[in-house]
Amino acid sequence: MAFVGIIVNRLPERVLVRILPHAEMLKFLVVGGIAFIVTTVLFFGLKWTVLPEHPVTANILAILVATVVSYVLNREWSFAQRGGRQRHHEAALFFVIAGVGTGINQIPLWTSRYVFNWRQPEVSMVMENLADFVSGSLIGTLLATGFRWWAMRRFVFPDEILDGPTGLDNDVPPGLDVPPSETTALD
């Protein structure tokens, strides 16, 4: 992600010293932000067009698409320094955990809609959409993100790969001198 490299290169050293120990979490949150945008755009797009009577279904479909995007980005960037599992096993665990996260994400939206009845005609269209956004997109996403962060590190990407002196040179055979790179833990 060259964009991140540009941002990192512009940060003062005192800031870098504080954020680099948390690089993996920051990358996970950036991927989550991308997935959040994908989910939100698809959720409201589906809800306002083809699934106006089924907001929970619209949210599940949006989350499924965002989950595929999230898996690729997390595998190749956020948790690139972790391993410990074969790809097919890792992918299966990722999607199971994402499925549990999807269920967690639906609880606030379902509660808003079907317990509190924050839907039309009981409330205005503006209030319904605001309640859907806050419950499904904000509260649900925060709960599911906390669960996913814990579960991804615990089950899907459990082991840090420490082959090189910095843990970043995964493909370098032993005894081969490699010139220092200008990459950081956020690359």
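The values are calculated or read from the model by the stated rules, or taken from the named source; none is laboratory data. For clarity, every value in this text was computed on a predicted model and none was experimentally measured. Don't worry about glycine lacking a Cβ; one is built from the backbone with ideal geometry, like all the others, and counts go over all protein chains shown. The accessibility values were calculated without ligands, DNA or RNA, using every heavy atom of the protein model including side chains. Shrake-Rupley method; radii C 1.70, N 1.55, O 1.52, S 1.80 Å.
A few points about this structure:
- Residue check, residue 113 open to solvent by less than 70 Å² (accessible area, probe 1.4 Å), of a type in the set (Lys, Arg) and under 16 Å from the mean Cα position of the chain (by Cα): no
- Pick from region 77-89, criterion assigned to a helix (DSSP H, G or I) and closer than 21 Å to residue 144 by Cα, ranking: most open to solvent (accessible area, probe 1.4 Å): 77
- Flag if residue 44 is assigned to a helix (DSSP H, G or I), aromatic (Phe, Trp, Tyr) and over 18 Å from residue 135 (Cβ atoms): no
- Just so you know, in region 120-142 the residues that are among the hydroxyl-bearing types (Ser, Thr, Tyr) and part of a helix (DSSP H, G or I) include one that is modelled with the highest pLDDT, and it is 135.
- When we screen 92, 98, 23, 62 for residues that are on the phi < 0 side of the Ramachandran plot, open to solvent by less than 40 Å² (accessible area, probe 1.4 Å) and free of Cβ contacts under 8 Å to residues at least 40 places away in the same chain, the only hit is 62.
- Restricting 38, 15 to those that are assigned to a helix (DSSP H, G or I) and within 16 Å of the chain's Cα centre (by Cα) reduces the list to 38.
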